[in-house]
């Protein structure tokens, strides 16, 4: 395997809450010891329940948040603590499409202003015709350049967000649930657009989502997170999972064919607080395959036939 375009090693992010009268300060771990490599041209999906650390991981990879521990390497360069002009230069290669297509666009800006914003932020001139070319690429009429976000639909606003992310022709794009706030029919259009752009531009995607069915369709690899930790990496999105939590996620996904629907066995127990993570496996309090060892030791990633899994008692292939 060639050198990955993005490599995360031991990536950890902790957040602290200020104390008050008779209330001590506390610290929560949003991302814990994540190791992940993304090959150039790959589409890697990151899935998990709300609050599992998916979006925090995306912002760490984008250098929008500073990691508490660990390293981030992009194209072989350590960018963990990059700053100043070097960080600005990185922004040209590494861009992000946010979940909410309305709040991520300035309502006082026209579409032209929104797409030109990356150039202004870096103090560089906008190439002639660049806005119009980008609108063509994302399937919007050129006349939309003078429109405001409130005059457009959610799908059109998200296309503007994609155009803005492509302004500098990046190599790597983080997609933070880009279809979550859109209707199903519009979701399909945005996914088709992202697929076309991936082929035409040889882009690399890190796709954050809670929709496992969409991730299995769109992505070539799947990373499953639980309480800030990566519990399984699946090199084949359609293979049978080895981690009990991944299986529970897949069984809970909606299947249109009534004959193909599986019986959902709900997970028992409560999700541990991120302010007080268990000493052992974070999934142990809810796991149907839990062993005594799981409650005292943190499982390390182990290679499987489809990737790697962090589990002492994985499901047999």
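Side notes on the structure shown:
- Count of residues meeting criterion [touching a helix residue (DSSP H, G or I) at 6+ places or on another chain (Cβ under 8 Å) and surrounded by 12 or more Cβ atoms within 10 Å (Cβ to Cβ)] in the range 124-135: 6
- Checking the range 247-265 against the condition returns no match, with no residue being closer than 30 Å to residue 188 by Cα, touching a strand residue (DSSP E or B) at 6+ places or on another chain (Cβ under 8 Å) and at pLDDT 90 or above.
- Single residue of the range 6-24 satisfying the filter (over 21 Å from residue 225 (Cα atoms) and in contact with a strand residue (DSSP E or B) (Cβ under 6 Å, 6 or more places away or on another chain)) that is surrounded by the fewest Cβ atoms within 10 Å (Cβ to Cβ): 16
- Put simply, of 284, 303 the only residue that is within 27 Å of the chain's Cα centre (by Cα), at pLDDT 85 or above, surrounded by 13 or more Cβ atoms within 10 Å (Cβ to Cβ) and within 25 Å of residue 36 (Cα to Cα) is 284.
- Test: residue in the range 191-205 that is under 30 Å from residue 16 (Cβ atoms), in contact with a strand residue (DSSP E or B) (Cβ under 9 Å, 6 or more places away or on another chain) and not in a helix (DSSP H, G or I): no
- Odd one out for residue 101, checked against (1) free of Cβ contacts under 8 Å to residues at least 60 places away in the same chain; (2) more than 24 Å from residue 282 (Cα to Cα): (1)
- The range 149-176 residues that are without any contact (Cβ under 8 Å) to a residue 12 or more places away in the chain and at positive phi, paired with ones that are crowded, with 22+ Cβ neighbours inside 10 Å and assigned to a strand (DSSP E or B) (beta carbon under 7 Å, 6 or more apart): none
- The criterion of being surrounded by 16 or more Cβ atoms within 10 Å (Cβ to Cβ) and under 22 Å from the mean Cα position of the chain (by Cα) holds for residue 227.
- Of all the criteria given as (1) in a helix (DSSP H, G or I); (2) free of Cβ contacts under 8 Å to residues at least 40 places away in the same chain, the one not satisfied by residue 179 is (1).
- Residues of the range 94-118 satisfying the condition of being out of contact with any helix residue (DSSP H, G or I) (no Cβ under 8 Å at 6 or more places or on another chain) and surrounded by fewer than 16 Cβ atoms within 10 Å (Cβ to Cβ): 103, 108
The values are calculated or read from the model by the stated rules, or taken from the named source; none is laboratory data. Note that the coordinates shown come from a computational prediction; the quantities given were computed from them, not determined experimentally. Positions of Cβ are backbone-derived with ideal geometry, glycine not excepted, and every protein chain shown enters the neighbour counts.
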